[in-house]
Structure formats: structure tokens, C-alpha cells
Amino acid sequence: LRWARQHELQYQGKTLRFYPDLSVALSKKRATFKNIKTMLYQKGIRFRFLYPARLRFTHDGETFTFESAPEVEAFFERRINVTAAAG
């Protein structure tokens, strides 16, 4: 798989792409972050997922990593929405 990701493969004129497979449980856990990802995107805050299901972003020069969606949503309401309302 590593070789396939580093090289372009063609089959009958179509480019083949390979992605790591995620379990159903992991996909569901990642899906719980959907709302907060939308809110971060709307505020212009870039984020990324860390394996297996952690969300990381930088705000006001600090980097934050969260294990659960409720945890990051509470942080968002406490720190980011307050900052936006004050500004």
C-alpha cells in the first residue's frame, strides 16, 4: 500500500487511488466531530484529524487537541464564540 500511495497507478486509462481502511466504529467516532468541524470552518480555523479520532487546531497561537466532540464543542463555546462576540 505504501508503494501504491507513492506512485501513480493506471488501469484502463483510469488513475487508481488507495486509502487506508477505517473500521465502522472509528468512522462513527470521527463522524461525531462533524458539527464542530463545520463551526471551525465557518470561523476560518484550520483543523486536522490525528489518528485514530482526535481533532487538532491552533487558535490564538495555542495548539489544542481533543479526544471527543463534546469536549471540543465546550471549548469552542467557552473560548472561541466568546472571543468572536467580544470582537
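The values are calculated or read from the model by the stated rules, or taken from the named source; none is laboratory data. Quick caveat, the model's predicted, so the values are computed rather than measured. Because the Cβ atoms are built from the backbone with ideal geometry, glycine has one as well, and the counts that use them run over all protein chains shown. Surface areas here come from the heavy atoms of the whole protein model, side chains and all, with no ligands, DNA or RNA. Shrake-Rupley method; radii C 1.70, N 1.55, O 1.52, S 1.80 Å.
Remarks
- Ranked order, 24, 72 - accessible area, probe 1.4 Å, largest first: 24, 72
- Counting only protein chain heavy atoms and rolling a 1.4 Å probe, the accessible areas of 14, 37 rank, largest first, as 14, 37.
- For the chain, the per residue solvent-accessible surface stands at 78 Å², with DNA, RNA and ligands left out and a 1.4 Å probe.
- Computed with a 1.4 Å probe over protein heavy atoms only, the accessible area of residue 11 comes to about 140 Å².
- Accessible carbon and sulfur surface of the chain relative to its total accessible area, %, 1.4 Å: 51
- For region 55-60, Karplus couplings with θ = phi - 60° (6.51, -1.76, 1.60), whole Hz, Gly/Pro x: 9, 10, 7, 10, 9, 6
- Residues 59, 7, ordered by accessible area of protein heavy atoms at a 1.4 angstrom probe radius and largest first, appear as 7, 59.
- Two-site label geometry, residue 28 and residue 64: point separation in nm, points 7 Å out along Cα→Cβ: 2.7
- The chain - Debye-derived log10 I(q)/I(0), Cα point model, q = 0.11, 0.21, 0.22 Å⁻¹: -0.45, -0.98, -1.03
- Straight Cα distances below 12 angstrom link residue 37 to the aspartates and glutamates 73, with same-chain residues fewer than 8 positions distant left out.
- When exposed loop sites are taken as GluC sites (Glu not before Pro) in a DSSP loop with at most 14 other Cβ atoms within 10 Å, the longest stretch of the chain clear of them is 9-66.
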